[in-house]
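Data block below; observations after.
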Amino acid sequence: MSRGRRRRVGLSLAVALFATCAYFRPLREARPHPLTPVAARRSRTDDGDDDAPVPGPPRDGGVLRVASWNLRVPFPPDVERNLSWADRRGSLASTIAKVRPHVLAVQEDCRFMSDDLMDIDLAGGGGKLSDVYDRYGLFNRNGESEPTERWPENAFSTIVGRDGEHNSVWYDRRRFRAARNVTFWLSRDPEAAGSSFDEVTGRVVNCVLLQDARSQCARGEGASRAGCVDVFFCSTHLPAGNQTRQLWSVDVLSRMFVRYRDELSNVGPGSERVPLMMIAGDFNVAPGSDVHGAMERAGFVDSRALSLERTPIEEYSPSARDWYGGGNTLIDYVWIYVGVEGQLELPHEVISVRHAPVPCCGSLPGVDHAYNRSASDHLLVIADLTPCVVHYI
């Protein structure tokens with residue numbers, strides 16, 4: 001069998017095992033898995049409609065909730081439509097507080113936007129997001145974390161000033177503690193700060209190695225860490241409209257994830273395996289595209305394909321909805337890395353993946369479509385995972 005064929009078979013087998021690991025039990029046991037596709041849909045906090053209102057926090061304390069959200073950098077035309085940053089930021093902050101992701105990847109997040117979101121006083125005496133979350137994300141143009149006069153003017157928006165995208169990772173410090181921060185760039189030299197494949201801006205990937213901070217996980221060893229999970233989680237934003245740059249970017253992601261897979265073995269107390277490795281963000285490509293296929297061949301699996309809900313990809317709503325009449329497309333992803341040979345043991349399985357639209361900013365004469373009045377032109381993508389207990393047969 002050729003090497004390429006072995007890779008495809010290995011990856012397919014790993015995906016099948018991970019997606020259905022709990023479903024192997026009926027082969028030897030009469031009782032069904034508690035989360036059948038129907039039960040998985042019912043486990044949501046809402047009515048199960050893909051376009052239903054934003055869900056509340058996970059009901060099950062063992063669930064790991066991860067999410068991705070392109071926040072939309074402010075542009076001058078948005079101000080004229082009452083969709084300025086000042087108009088939208090309250091809805092963004094309250095949604096994060098309601099959904100309560102344990103880990104969140106954000107894109108088009110200027111430093112001032114993150115600072116604003118962290119500092120907003122939430123309604124009902126809910127405190128601030130900074131009471132719960134920490135974030136990590138270096139500036140895409142120079143790899144710095146604190147704004148200075150040396151920062152370049154934003155190349156895309158005249159109202160942003162010396163600021164721009166960070167592709168930050170937010171994490172709930174009640175659930176996780178950061179063990180290591182990692183940054184690289186989608187470029188010919190991934191270590192070169194501010195680099196890209198000949199774009200006017202840098203293409204940064206920010207990652208955090210998160211160790212489970214729950215008391216039984218922080219002090220436990222071996223079997224006592226059952227249900228605990230360490231996560232290597234990254235946020236990024238691929239170039240738009242240039243397939244060559246996108247494919248080059250996938251190659252960088254592949255090489256860097258192989259590198260960190262090897263470096264991050266045995267990172268936690270009692271750990272004997274690589275942490276759950278994930279990358280989320282705006283990939284600017286649709287399912288079935290050449291770039292999407294390249295991600296799969298590189299060992300990344302779209303979490304939607306693993307969901308116990310068994311929802312066909314074509315039944316998911318678009319994750320990006322243009323405010324100005326452009327196309328609506330599915331381009332935002334939460335990917336799980338299984339390795340090129342599908343060799344990684346995966347401790348969790350995906351319960352559900354949903355796209356949550358976030359209404360915002362009231363009505364505006366002459367604008368009929370509800371999604372033109374939203375907190376961002378991207379929907380919040382939410383993936384819920386649960387520990388996967390494998391019974392060997």
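Values quoted throughout were computed directly from the atomic coordinates according to the rules given, and no laboratory measurement underlies them. Everything numeric here is computed off the predicted structure, so don't read it as measured data. Here the Cβ positions follow ideal geometry from the backbone for every residue, glycine too, while neighbour counts run over all protein chains shown.
Determine ³J(HN,Hα), in whole Hz, for all residues of segment 120-128 in sequence, where each value follows from phi through the Karplus function 6.51 cos²θ - 1.76 cosθ + 1.60 and θ = phi - 60°; x replaces Gly and Pro. Once θ is set to phi - 60°, the couplings for segment 120-128 become 5, 6, 6, 5, x, x, x, x, 10 Hz. Amide H contacts of LEU64: LEU385, THR386, each under 5 Å away and 5 or more positions distant or on a separate chain (H built 1.01 Å from N in the peptide plane; Pro and chain starts excluded). Using a simple spin-label model with pseudo-atoms 7 Å out from Cα toward Cβ, GLN243 and VAL200 lie 2.5 nm apart. According to the Kirkwood relation over distinct C-alpha pairs, the hydrodynamic radius of segment 52-130 is 13.7 Å. For ASP134, the residues 5 or more places off, or on other chains, whose built amide H falls under 5 Å of its own are TYR171, ARG173.
For ASN242, no residue has an amide H sitting under 5 Å from its own, ignoring neighbours fewer than 5 places away on the same chain, with H placed 1.01 Å from N.
Only alpha carbons enter this Debye calculation for segment 109-154, each as an equal point scatterer, and the log10 of I(q)/I(0) it gives at q = 0.33 Å⁻¹ is -1.28. Between THR158 and GLU341, the FRET efficiency estimated from the beta carbon spacing at R0 = 45 angstrom works out to 0.40.
Whole-Hz Karplus values for segment 104-117 come out as 9, 9, 10, 10, 6, 10, 4, 4, 5, 5, 4, 4, 4, 4 Hz, taken residue by residue from phi with 6.51 cos²θ - 1.76 cosθ + 1.60 and θ = phi - 60°; glycine and proline positions read x.
With viscosity set to 0.890 mPa s at 25 °C, what whole-number translational diffusion coefficient in µm²/s follows for segment 155-258 from Stokes-Einstein and a Kirkwood radius over Cα pairs? Answer, rounded: 156 µm²/s. Applying Stokes-Einstein at 37 °C and 0.692 mPa s to the Kirkwood radius of segment 286-354, computed over alpha-carbon pairs, gives a translational diffusion coefficient of 247 µm² s⁻¹.
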